[in-house]
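The values are calculated or read from the model by the stated rules, or taken from the named source; none is laboratory data. From a predicted model like this one, the values you see are computed outputs, not experimental measurements. Glycine also receives a Cβ, built like all others from the backbone with ideal geometry; neighbour counts cover every protein chain displayed.
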Amino acid sequence: MDITNYVVLAAVLFAVGATTVLLRRNAIVVFMGVELMLNATNLAFVTFARMHGDLTGQVLAFFVMVVAAAEVVVGLAIIVTIFRTRRSASVDDVNLLKG
Amino acid sequence: MNEVIGLAPWLVGFPLIGAAILLLGGRATDRWGHWLGVLASGASMVVAFILMFRMIGTPVEERSVDHHLWTWLSAGDLGVDLGLRLDPLSVTFVMLVTFVGTLIHIYSVAYMDHDPDRRRFFAYLNLFVAAMLVLVLADSYLLLFVGWEGVGLASYLLIGFWDTGRPSARENAVAAKKAFVMNRIGDMGLIAAMALLFAHAGALDFGTVLSDDSVGAMSQATATAVGLCLLLAACGKSAQFPLQAWLGDAMAGPTPVSALIHAATMVTAGVYLMVRSGAILEAAPTAQLVVVLVGAVTLLFGAIVGCAKDDIKKALAASTMSQIGYMMLAAGLGPAGYAFAIFHLLTHGFFKAGLFLGAGSVMHAMGDQTDMRRFGGLSRFLPITWITMGLGWLAILGIPPFSGFWSKDGIIEAAFIPVEGQPWRAWVFGTVAVLGAAITAFYMTRLFFMTFGGRRPRWTENQHPHEGSPLMWWPLVFLGVGSAALGLVLGIGGTFTTWLEPVTGHAEHHEPVLPVPVIITATLVVVVLGALLAFRMYAVNLVPEEAPRGSVLTRAARRDLYQDAANETLVMKPGYGLARVVQVGDRDVVDRGWSVLPQAVSWFGGVFRKAQTGYVRSYAAGMAGGVLVIAVVVWLVVGLGGAQ
């Protein structure tokens, strides 16, 4: 199969994720968009690793997964806390740092 | 002399230890603190007597002794040894300070009996005695300066002694501050004089600086500058024109303080400085002339002010100023005047301390009333005070054979001695001195008869005047006897002049422009006339209880000839104005100029702040958009580069 397809799929996934982050207000859904973007990146890493016959890309994909896992833990904890205090999971409601 | 010289440091040591115990001991020493103060001063007096009798028994040429204690400063070229100089001049002062000081200590035990802070009072008095003795015993200008500042501090503390912090005591605090600040102006003069002397001679001890070699090598300009700086110092300390304004207000302190510090001893320190520095003044005729002028102006100034004051202490303060004017005048006349300046200082120390303590006794009897218009007819109720103050009164008038006659007459005669090339001087200063004697007679007689004479008392209600305890009137008796007899004992045959000769030098005999008997007679005539005028006005005629409006001169003299107004207009207000200009300049020019910078930063901050919307999604859009723009740019650049 042509390797281009993988890159296109990664680009599509990234675009879907980015759109989700920009357009949705629910923090959980925004989080899922972020995950999607990260995994699109992972897909691109693995694809190029295969293309170049170099394992660096694959190693980096593992790093991304580890970071993503940590980020989910912290991020979800924050979201839950915010929900408890403000009774809302909308990212637009959290604007205390407005200048 | 050498066997007892080791005792000299104890002169200072006793009162200093006394002050230290009383100040550090605090309330624990309240019960017996005043007796410790008396003891310390008395011990110092005993040492003074021993030293004086030893000195009398020593041949004349061996009477000046420098007692080296230790090396004080050793910095490069400047080496100052701490030492005491004992000579007839300093021993005279030591006797005056310790003897009158001890009498006043004893008097204060009774006078301050009801004051809860009596112990603190005695601590300050002891501190004063110690500092004054340092001043007169110092063998260098630098050590003299230590004593000079020490007496200034003690004077400040004692003028403000009754400053309890309550609004009613504000007068005390203001008077203390006024004295302190005006004295600082004089102190600058002393510091400047020391700097000049050090630059010239490379030393500050009297032995080097005042030696013939050092003074001979001095240029006329240097000598004049040093002389004038020393005069400024003397003016500040001795309340001479134009730094005289503080002395009247200083009467806010307790009366024994006025007697000891602001009449008998501290205020005469300026005269001591002039006489001690006589060698320099003699090398600078201009400075000498200024000294005489200052003395003459002050002697008339104080006398005129004294005529108008109704407050008994302020009248005495004005009189003190005037009498020190006499001493200054004499000190500016050269060797012919030095001995009489010190002689008058000594007799004045006795009769003025006696008059002040008498005034304190009157105030004590009249419930702290100081207005002489509310006294009158007190001679029957306060016989001892009446007689002792009477002796002081006759002494200050200069009636023979009382002490003031011997000293003041000497000054008047010296003022009439012609100066080569300036024939006007003898006439002008001689006349001023005689005129001053007449006015002195007027205001002192006024004071005496307003207090003790008069046909009917003008007391306020519920007054029961009575003599104080023996502790109060015994010092009065001693000082009264001194006022009466001291001049006769020391003056007859020039005993005192001969005694001081090792220090002041031998004065060539010059004839005054008028024959001596004529001067004496003229002086006595004007003195009696002045006294008779005052007797007629204040003893024969009734004294109104409310001060009449009076002439222009009387009103001016009541306000100290507008000295405060003059000081405020000429010095204080321009000073305030300058401070205000500097303050406004700092705030509106310097500060405002620099505040442009933070204002600009703040403005930019305000602009950029708007970028922070608080919406996470707009930040994300910004990042995504930015990355997109970068990607497009990179693609275009790299793509176009690749195409070439």
Those residues of segment B:530-583 which are among the acidic types (Asp, Glu) and within 21 Å of residue B:243 (Cα to Cα) amount to B:560, B:564, B:568
* Asked: Is it the case that residue B:574 is over 31 Å from the mean Cα position of the chain (by Cα) and away from chain A (no Cβ under 14 Å)?
  -> no
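For (1) of a type in the set (A, V, I, L, M, F, W, C); (2) over 13 Å from the mean Cα position of the chain (by Cα), each residue gets a yes or a no:
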{"position": "B:187", "(1), (2)": "no, no"}
{"position": "B:194", "(1), (2)": "yes, yes"}
{"position": "B:205", "(1), (2)": "no, yes"}
{"position": "B:217", "(1), (2)": "yes, yes"}
{"position": "B:222", "(1), (2)": "no, yes"}
{"position": "B:225", "(1), (2)": "yes, yes"}
{"position": "B:233", "(1), (2)": "yes, no"}
{"position": "B:236", "(1), (2)": "no, no"}
{"position": "B:240", "(1), (2)": "no, no"}
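One line per residue, one yes/no per condition, for (1) touching a residue at least 12 places away in the same chain (Cβ under 8 Å); (2) under 19 Å from the mean Cα position of the chain (by Cα):
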site	(1), (2)
B:69	yes, no
B:75	no, no
B:90	yes, yes
B:104	yes, yes
B:117	yes, no
B:143	yes, yes
B:153	yes, yes
B:156	yes, yes
Residue B:538 fails exactly one of (1) farther than 17 Å from residue B:441 by Cα; (2) touching a Lys or Arg at 6+ places or on another chain (Cβ under 6 Å); (3) among the hydroxyl-bearing types (Ser, Thr, Tyr), namely (1)
Filter segment B:537-574 for residues that are without any contact (Cβ under 8 Å) to a residue 24 or more places away in the chain and part of a loop (DSSP other than H, G, I, E, B); the one that is farthest from residue B:298 (Cα to Cα) is B:541
Checked against (1) in contact with a Leu (Cβ under 8 Å, 6 or more places away or on another chain); (2) modelled with pLDDT under 85, residue B:377 satisfies every condition except (1)
Of those in segment B:539-587 that are exposed (fewer than 11 other Cβ atoms within 10 Å of the Cβ) and modelled with pLDDT under 90, the residue farthest from residue B:375 (Cα to Cα) is B:552
Across segment B:603-623, the tally of residues that are assigned to a helix (DSSP H, G or I), at the interface with chain A (Cβ under 7 Å from one of its Cβ atoms) and closer than 18 Å to residue A:27 by Cα stands at 4
Per the filter on segment A:1-40, residues closer than 21 Å to residue A:73 by Cβ, within 11 Å of chain B (Cβ to nearest Cβ) and touching a Ser or Thr at 6+ places or on another chain (Cβ under 9 Å) are A:27, A:30, A:33, A:34, A:37
Practice task
Answer yes or no: is there a residue in segment B:287-301 that is part of a helix (DSSP H, G or I), farther than 19 Å from residue B:223 by Cβ and in contact with a Ser or Thr (Cβ under 6 Å, 6 or more places away or on another chain).
Solution key: yes
Given the criteria within 13 Å of chain A (Cβ to nearest Cβ), out of contact with any strand residue (DSSP E or B) (no Cβ under 9 Å at 6 or more places or on another chain) and assigned to a helix (DSSP H, G or I), does residue B:629 qualify? no
Those residues of segment A:1-26 which are farther than 18 Å from residue B:624 by Cα, in a helix (DSSP H, G or I) and of a type in the set (A, V, I, L, M) amount to A:3, A:7, A:8, A:9
Among B:189, B:227, the single one that is farther than 30 Å from residue B:362 by Cβ, assigned by TED's automatic domain parsing to the domain that holds residue B:317 and in contact (Cβ under 8 Å) with a residue 60 or more places away in the chain is B:227
When segment B:365-414 is checked residue by residue, the ones that are in contact with a Gly (Cβ under 7 Å, 6 or more places away or on another chain) and of a type in the set (Lys, Arg) are B:408
Within segment B:121-171, residues of a type outside the set (A, V, I, L, M, F, W, C) and surrounded by fewer than 19 Cβ atoms within 10 Å (Cβ to Cβ) come out as B:149, B:164, B:165, B:166, B:167, B:168, B:170, B:171
Here the residues within segment A:76-93 that are within 11 Å of another protein chain (Cβ to nearest Cβ) and free of Cβ contacts under 8 Å to residues at least 60 places away in the same chain are A:93
